[in-house]
Amino acid sequence: MAGKDGQDSRIQKISSAIRVIPDFPKPGIMFQDITTLLLDTKAFRDTIDLFVERYKDKDISVVAGIEARGFIFGPPIALAIGAKFVPMRKPNKLPGEVISEEYSLEYGTDKMEMHVGAVEAGERALIIDDLIATGGTLCAAIRLLERVGVHVVECACVIELPELKGRERLGDKPLFVLVNGA
């Protein structure tokens, strides 16, 4: 489904379905609102389909979704490729025993947690989120999975804000993105 520029024609429809809200949640931020993408059933299906097409033959056994919007895209991808879905959550959101990874924010730190035993050493994982900005949450998810012996095959996001250079923080981990944000 390539267009005249060689790009999949579904990408433009996905991009146009994402609403940009200036100055939210604070002045100077151009918020990439995926709720409008979710309202467009064709664009939402195309988003999931593009990820499934990319990952269906990569022997991925785990799709790790980053809270909260990674929970929207991760489960349908996991089901379609025959992988389990593992939620990566903020502190104190998962019952039972967890392992955590601290990461830096613009002002301070936060943690990401995962259930102990959710993954096993040697499994192959895809990490999914809606957006990569500075890359902090993706890096924390990579470290958390690798600490328990999981091979992170790739990170995937619907949107990238390239000016924030999050891709550079991922080191040698591949990143697949559908659209560049405003």
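Take the conditions (1) outside any helix (DSSP H, G or I); (2) in contact (Cβ under 8 Å) with a residue 12 or more places away in the chain; (3) out of contact with any helix residue (DSSP H, G or I) (no Cβ under 7 Å at 6 or more places or on another chain); (4) open to solvent by 10 Å² or more (accessible area, probe 1.4 Å); residue 99 misses just one of them, which is (3).
For the subset of the range 160-182 comprising residues that are part of a strand (DSSP E or B) and of a type outside the set (A, V, I, L, M, F, W, C), which member is farthest from residue 91 (Cα to Cα)? Steps first, please.
So in the range 160-182, the residues part of a strand (DSSP E or B) come out as 160, 175-180.
Then drop every residue that is not of a type outside the set (A, V, I, L, M, F, W, C), which leaves 160, 180.
Values: 160: 25, 180: 30 Å.
Step by step, filter the range 160-182, then rank; the result is 180.
The set of residues from the range 50-73 being open to solvent by less than 50 Å² (accessible area, probe 1.4 Å) and either at pLDDT below 95 or farther than 19 Å from residue 110 by Cα (or both) comprises 50, 51, 52, 55, 60, 61, 62, 63, 73. Only one of these is free of Cβ contacts under 8 Å to residues at least 60 places away in the same chain, in a strand (DSSP E or B), open to solvent by 40 Å² or more (accessible area, probe 1.4 Å) and closer than 28 Å to residue 35 by Cα: 109, 134. Name it. The match here is 109.
Just a yes or no: is a residue in the range 140-159 within 18 Å of residue 177 (Cα to Cα), in contact with a strand residue (DSSP E or B) (Cβ under 9 Å, 6 or more places away or on another chain) and in a helix (DSSP H, G or I)?
Of the residues in the range 140-159, the ones within 18 Å of residue 177 (Cα to Cα) are 141-142, 152-159.
Remaining after also requiring in contact with a strand residue (DSSP E or B) (Cβ under 9 Å, 6 or more places away or on another chain): 141-142, 152-159.
Going one step further and asking which of them are in a helix (DSSP H, G or I), we end up with 141-142.
Yes, the range 140-159 contains at least one residue that is within 18 Å of residue 177 (Cα to Cα), in contact with a strand residue (DSSP E or B) (Cβ under 9 Å, 6 or more places away or on another chain) and in a helix (DSSP H, G or I).
The set of residues in the range 5-49 that are of a type in the set (S, T, N, Q) and at pLDDT below 95 comprises 7, 9.
The C-beta contact set for the range 169-182 (first residue without any contact (Cβ under 8 Å) to a residue 12 or more places away in the chain, second residue surrounded by 18 or more Cβ atoms within 10 Å (Cβ to Cβ), distance under 8 angstrom, 6+ apart or interchain) is empty.
For the structure I just gave you, tell me whether residue 23 is charged (D, E, K, R) and touching a strand residue (DSSP E or B) at 6+ places or on another chain (Cβ under 6 Å).
Working: charged (D, E, K, R): yes; touching a strand residue (DSSP E or B) at 6+ places or on another chain (Cβ under 6 Å): no.
So residue 23 does not fit the description; no.
Within the range 150-175, the set of residues being touching an Asp or Glu at 6+ places or on another chain (Cβ under 6 Å) and surrounded by fewer than 17 Cβ atoms within 10 Å (Cβ to Cβ) comprises just one member, 174. The lone criterion from (1) in contact with a strand residue (DSSP E or B) (Cβ under 8 Å, 6 or more places away or on another chain); (2) in a helix (DSSP H, G or I); (3) without any contact (Cβ under 8 Å) to a residue 60 or more places away in the chain left unmet by residue 11 is number (3).
The values are calculated or read from the model by the stated rules, or taken from the named source; none is laboratory data. Nothing here was measured: the structure is a model prediction, and the numbers come from that model. As a convention, Cβ positions derive from the backbone with ideal geometry for all residues, glycine included, and neighbour counts pool all protein chains shown. Protein only, heavy atoms only, side chains kept; ligands, DNA and RNA dropped before computing areas. Shrake-Rupley method; radii C 1.70, N 1.55, O 1.52, S 1.80 Å.
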